[in-house]
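Below is one structure, written out as C-alpha cells, with a few remarks after it.
Quick note: the coordinates plus some simple rules give every number you see, no bench work behind them. Everything quoted here is computed from the prediction, not taken from an experiment. Here Cβ is always computed from backbone atoms with ideal geometry, including for glycine, and neighbour counts include all displayed protein chains.
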Amino acid sequence: MRGSENDAADSHVEQDGASPGTPCRQPWPRWCLAVTTPLRTLYDRQRMSLAVATIGPRAFARRWRWVLGGVLLLDVLKHTALLVSGQTQPWGDSPTYWQLGEEAAGGNWWLTDSALASRTPGYPWFLAVCLALFGKQALLAVVIAQHLAVMFTTWATVWWSWRLTQREGAAVAAAMWCAFSTARPLYANWILTETWATCALTFCAVALDRALHSQRLRWTIIAGGTLGAGILIRPALLAAVPAVLIACGWELARAEKRTAAQYVSAGAGLIVMIALLAPWCLRNWLMFDRFALTVFTGRQLWKAAFDPWPGGELPLPDDGPGAALRARIADPAVDWRHNWSVAAALSRSGLKDHELDILMEQVAWQAIRRHPGQALIRLCARCATFWYVREWEPPAIDGQGGRGVFRGQREFSIPVFASGMEGALRWTPERCFPAMWLWSAAAWWGVAQTVVSPTQRRTGVLLAAIVGCTTLATAALEVPVYRYRSVLEPLMIVAVVNGSAAVARRRPSAPSDAPARQTTTG
C-alpha cells in the first residue's frame, strides 16, 4: 500500500514537471476552481490573436521616417504659433463652463449650488483641476493641455492610418492633412469641449478597431473608458454607443460557446462606460427626478423645430403646453424662434433649469406631431447641412473680451503672432465651402471603400456607424454648425486615406518576383 502511494506521488511529480524529491502540489478546491475558471478563460482569450493580427505592421521605411518627422514637427510649430497668438476669447458656452469650473475648484465637485441640469461635469472638472493647480496661470494651462490633446489626436490618426494601410505614404498624407488644418487646433485656444471630445472619440474608435482584430480585453476596456470619459465631457458622443454595441455583437457571434466569461469579455467596454456615467445620472435623479446625463433635450428640440432654415420653422402651438408656455412669457421682446431667448424668459418667470427644459420639450414635440411632414423634410435638410457647413470667423481679438469671464487670469499674447495668425486663419480650408463639399464627399467615399474591402469590412462598418449616427443625432437635435462636425474630422481623414489605399490594393499591377506586401486590419 505504501509503495502504491509513492508511485502515485512520483507520477504526479513527473506530470507537474518537478524534479525528484520536490513535494507535489495539492489540487485546487472545487469552490476555488469555480471562481478562477472564468478569470483564466478571460486571460487565455486576451492572449489569443487572429491570424491577420499576428502578422504585425512592417517596419516604417527610414526615408519615410524623416518625412513623417518633418511633417509632425511642422504641426508642432503650428500649435506653438496658435498658442502664443493669444486667441483665447469667450464663446457662448465659455462663461458657463468657467463658472462651473470655479464652483468645482471651490470644493463643490457635484455642482449642486448651480443646480444646472444642462451640463455634464467632465469639462468643468478639468477646468477645476487646472484652477486648483495653477491659479492665475490656469487659463494658459488649459490652452496648453488642449493643444497637447489635439497633437495626441493627430498622432493617433497617423498611427491608425498606418496600421490599416501598411503604407508609409498614407501615414504621411494623414499627417500632412492634420498639419495644414488650423480650424481644429484653433478650438484648442477656446474654453469649449470640442478638443477633448474629438480626442476621446478618436481614441475610442482606434481602440474598438484594435479590439475587433486582436481579441485583447484591454482594447475593449480602453474603448469603453475613453467613450465614457468623452460622454461626460460632451453628451453628444452618445452617438458612438451603437458602434460599441456592434463590436459587442461581433465578439459574441465569434464565440463558439457562449459562457459567462464570453459575455463579460464582450461587454467589458459597456460595463466600464456605464460605471463612469452612472454616478452623474444618479446625481440628476436625486436633484431633478430624471436618471439621465442632462436635462437639455427641450432646448435642443426647440432649436430644431422652430429655428429658421434649416430649422423646422414650425408654427408655435397656442393650446396645451404651448398655451402654458405663452402664459408665462409676457415680454414682447422675446424671440420665440430662439431657444435661449425663450429659456431666459421662462427662467425669469420662476421656472428652474430642468422645469423650463421639460416645458420646452413638450411644446416642441407638440409642434412636431402636428406637422410631421415638414419636420421630416427639414431633418433631412439638416443631415445634408451637417456635411457642408464651414468654420466661422474667430472672435475679434480686442484684448478685453476675456477679462470679464476669466477673472484674475493673466493674459498671454505676442502681438506679432496675433496679427499674423488672424491673416493666416482666413485662408484655412475649413472656411471654404467648395473644400468642405469635396472633403465630405471624399470621407463618405472612403467609408464606402473600407466597407466593401474584404479584409477591412468591420472597420468600415464601425466608421459608418459612428459617422452616420453622429450626423443623425446632430440633425435631430440641433441646427448643424462646423464645430459639431469637427469631432469627426480625424475619422474622416482615416477614411479617405484608407479608402484610397484599398482602391490601390485592388488595382491590378504588373507581375513581380518580389513577395507580396502583407497587410493587417488591426
Could you rank the peptides 460-469, 185-194 by their average count of other C-beta atoms within 10 Å per residue, with the highest value first?
185-194, 460-469
Straight-line reach from K352: which lysines have a Cα under 26 Å away, not including same-chain ones fewer than 8 places off?
K303
Sparsely packed trypsin sites (Lys or Arg not before Pro) within segment 249-334, loop by DSSP, other Cβ within 10 Å at most 13:
K257, R258
Bin all alpha-carbon pair distances of segment 77-230 at 5 Å intervals from 0 and give each bin's fraction as a whole percent.
2, 9, 16, 17, 17, 15, 11, 8, 4, 1, 0
Under the classification rounded if a/c is under 1.5, otherwise prolate if a/b is larger than b/c and oblate if not, where does segment 229-295 fall, given a ≥ b ≥ c as square roots of the Cα gyration tensor eigenvalues?
prolate
Assign one of three labels to segment 152-228, namely rounded, prolate or oblate, based on the Cα gyration tensor with a ≥ b ≥ c the square roots of its eigenvalues; rounded applies when a/c is under 1.5, prolate when it is not and a/b is larger than b/c, and oblate otherwise.
oblate
Taking 8 Å as the Cα distance limit and 6 or more residues as the minimum spacing, I'd like the relative contact order of segment 210-316 as a percentage.
23 percent
How would you rank 140-148, 491-499, highest first, on the average number of other Cβ atoms within 10 Å across their residues?
491-499, 140-148
In segment 66-131, the chymotrypsin sites (Phe, Trp or Tyr not before Pro) that fall in loop regions by DSSP, at most 15 other Cβ within 10 Å
W109, W110
Out of the chymotrypsin sites (Phe, Trp or Tyr not before Pro) in segment 285-323, which ones are loop residues according to DSSP with at most 16 other C-beta atoms within 10 Å?
F291
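When the convex hull of the Cα atoms of segment 158-277 is projected onto a plane and the area is averaged over all directions, what value comes out in nm²? Let's see the in-between values first.
Details: hull surface 33.3 nm².
Projected area, direction-averaged: 8.3 nm².
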Kirkwood Rh (inverse of mean 1/r, distinct Cα pairs), segment 296-381, angstrom
12.7 Å
